[in-house]
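Below: one structure, written as structure tokens.
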Amino acid sequence: MSSAVDTGYRPRRHQAEVHRSLKRFNVLVCHRRFGKTVLCVNELIDRALRLTESGPARPRLAYVAPSYRQAKGIAWDWLKSFSQPIPGREVREDELRIDFAGGARITLYGADNPDSLRGLYLDWVVLDEYGQMRPRLWSAVVRPALSDRQGGAIFIGTPMGRNQFWDIYRHAMADRDWYAAVFPASRTGVLPADELAAARRDMTPEQYEQEFECSFDAGVVGAYYARALTAAEQAGRIGRVPWEPAVTVETWWDLGIDDATAIWFAQTVGREVRLIDYYEATGAGLDHYAKVLSERPYVYGRHVLPPDAKVRELGTGRSRVETLAGLGIRATLARPQTVEDGINAVRLLLPRCWFDEPACRRGIEALRQYRSEWDERRQTLRPVPVHDWTSHAADAMRYGAISQRPDRRREPPNRAVTGYSPLDWGRGPAGGPSR
């Protein structure tokens, strides 16, 4: 810490080790209750003061959590408390921002609103629980913001499977210009042995290994599809899956307005469902996605959209189905089903799926992390999925799964009751009846 101000922070042994070892880019894999947020808040404060002392430019530092609400709940009180002794510091409660007398500024952001970070310059940034953020946030938004000032970054978190946090950790381990460290509870001594023993009794082995021993191999707690994807990986169904030109491609969509729109590209060959491509974007109109489809060499069959795509928008008086039809895309609506039934449909479909890993990497990772919401008060999983960046790929997959041909032993639904044609319900990938 800067010698000019005593903020009251007294780092533990491993926290002090981190402060001494930091480089420009850093990855810290820490067990729960390690104190990583306190460590990083004080690192930001210290750097804000030192950058102010070293030159006339106005330093800009940021702490980014998966959501704005999490940033406020996790770090805001710590930032206010440890910066309180600093003369001239001002608290901007409405912006989750601390201004220092010398011109430096620390602001809290949520990765759920990446546009709030676009166009900024940053001297230093902390990305807390990076594994829960959109994979491209770093490369497309944060890393460019550091370039002008040659700023630095700290990625912190607890493992949630082999996601983008795992990828950045592996990169840091292989790059001598990065600092990487893992702090499992069995090594740090932060938590008493009897507390760890109690936690081990109360948690599943996978939960304990992930949360306290920093295991990237333990499954994501509450993940719906992680086990099926692991089985697919072990069976060699995630790798290179070539496009078959003789087979039509159908697309499965999740349509976002303020959120992302996600599209899976699938081919059905016998009982195999081959996911050969995936596309996702935010803030684009339907004409953009029509152009994306037209630029690919595929011959298309069905385009499966969410059931609510037929609802007319108040501004235009047209539904998204009608808009897409005007762009040359004739849509089929997925059958209305509960989210729970749709998740079960995906689980039944995944054993038949093959994924082209290079083309579908982002979608696969979203499916791997799609999970139930955790109820902190009741200490149990809620019967609803978390709505975050993983939802778009998962919802698109869900619409694709529920649109698959039904069991032939069952009769297709009556059009007069459901509003859907039996041909629409059982249509195969080539656009004709499935039988």
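Tallying residues that are in contact with a Lys or Arg (Cβ under 9 Å, 6 or more places away or on another chain) and assigned to a helix (DSSP H, G or I) within the range 325-340 yields 2. Scanning the range 159-188 for residues that are open to solvent by less than 10 Å² (accessible area, probe 1.4 Å) and either farther than 23 Å from ALA226 by Cα or in a helix (DSSP H, G or I) (or both) yields PHE165, ALA172, PHE183, ALA185. For the range 273-280, the condition of being open to solvent by less than 20 Å² (accessible area, probe 1.4 Å) and charged (D, E, K, R) holds for at least one residue. Could you go through the range 47-56 and let me know if any residue there is part of a helix (DSSP H, G or I), in contact with a helix residue (DSSP H, G or I) (Cβ under 6 Å, 6 or more places away or on another chain) and not aromatic (Phe, Trp, Tyr). No, every residue in the range 47-56 fails to be part of a helix (DSSP H, G or I), in contact with a helix residue (DSSP H, G or I) (Cβ under 6 Å, 6 or more places away or on another chain) and not aromatic (Phe, Trp, Tyr). Taking into account only those residues within the range 257-272 that are among the charged types (D, E, K, R) and assigned to a loop (DSSP other than H, G, I, E, B), which is least open to solvent (accessible area, probe 1.4 Å)? In this case the residue turns out to be ASP259.
The residues listed here are TYR68, TYR63, TYR9; of these, the one that is open to solvent by 10 Å² or more (accessible area, probe 1.4 Å), touching a strand residue (DSSP E or B) at 6+ places or on another chain (Cβ under 9 Å) and among the aromatic types (Phe, Trp, Tyr) is TYR68.
Checked against the criteria, SER116 counts as in contact with a strand residue (DSSP E or B) (Cβ under 8 Å, 6 or more places away or on another chain), hydroxyl-bearing (Ser, Thr, Tyr) and farther than 19 Å from LYS36 by Cβ. The residues on offer are ASP77, ASP123, and the sole one that is modelled with pLDDT of 95 or more, among the charged types (D, E, K, R) and open to solvent by 50 Å² or more (accessible area, probe 1.4 Å) is ASP77. All conditions in (1) over 19 Å from the mean Cα position of the chain (by Cα); (2) open to solvent by 40 Å² or more (accessible area, probe 1.4 Å); (3) among the hydroxyl-bearing types (Ser, Thr, Tyr) hold for THR230, with the sole exception of (1). The residue of the range 126-158 that is surrounded by the most Cβ atoms within 10 Å (Cβ to Cβ), among those that are within 20 Å of HIS19 (Cα to Cα) and of a type outside the set (A, V, I, L, M, F, W, C), is TYR130. LEU349: part of a helix (DSSP H, G or I) and either open to solvent by less than 70 Å² (accessible area, probe 1.4 Å) or not β-branched (Val, Ile, Thr) (or both), yes or no? Judged against the criteria, LEU349 is a match.
If you filter the range 239-256 down to residues that are crowded, with 21+ Cβ neighbours inside 10 Å and acidic (Asp, Glu), you find that the one that is farthest from CYS353 (Cα to Cα) is ASP254.
Give me a count of the residues in the range 12-46 that are among the basic types (Lys, Arg), outside any loop (DSSP other than H, G, I, E, B) and either surrounded by fewer than 19 Cβ atoms within 10 Å (Cβ to Cβ) or at pLDDT below 95 (or both).
As a first pass, look at the range 12-46 and keep what is among the basic types (Lys, Arg): 12-13, 20, 23-24, 32-33, 36.
Next, from what is left, pick out any that are outside any loop (DSSP other than H, G, I, E, B): 13, 20, 36.
Applying the additional criterion that residues be either surrounded by fewer than 19 Cβ atoms within 10 Å (Cβ to Cβ) or at pLDDT below 95 (or both) yields 13, 20.
The number of residues fulfilling the criteria is 2.
The single condition among (1) at pLDDT below 95; (2) assigned to a loop (DSSP other than H, G, I, E, B); (3) of a type in the set (A, V, I, L, M, F, W, C); (4) closer than 30 Å to ALA309 by Cβ that ALA228 does not meet is (2).
Close Cβ contacts (under 7 Å, 6 or more residues apart or on different chains) running from residues in the range 333-345 that are over 20 Å from GLU373 (Cα atoms) and open to solvent by less than 30 Å² (accessible area, probe 1.4 Å) to residues that are hydroxyl-bearing (Ser, Thr, Tyr) and assigned to a loop (DSSP other than H, G, I, E, B) comprise ALA334/SER403. Mind checking which residues of the range 283-324 are in contact (Cβ under 8 Å) with a residue 40 or more places away in the chain and assigned to a strand (DSSP E or B)? Of everything in the range 283-324, those that are in contact (Cβ under 8 Å) with a residue 40 or more places away in the chain and assigned to a strand (DSSP E or B) turn out to be TYR300, GLY301, ARG302, HIS303, VAL304, LEU305.
Quick check: is even one residue across the range 65-73 closer than 25 Å to ARG118 by Cβ, more than 23 Å from the chain's Cα centre (by Cα) and modelled with pLDDT of 95 or more? Within the range 65-73, none of the residues are closer than 25 Å to ARG118 by Cβ, more than 23 Å from the chain's Cα centre (by Cα) and modelled with pLDDT of 95 or more.
The values are calculated or read from the model by the stated rules, or taken from the named source; none is laboratory data. Everything numeric here is computed off the predicted structure, so don't read it as measured data. Cβ: placed from backbone, ideal geometry, glycine included. Neighbour counts: every protein chain shown. Accessible surface is based on the protein model in full, side chains and every heavy atom, while ligands, DNA and RNA are left aside. Shrake-Rupley method; radii C 1.70, N 1.55, O 1.52, S 1.80 Å.
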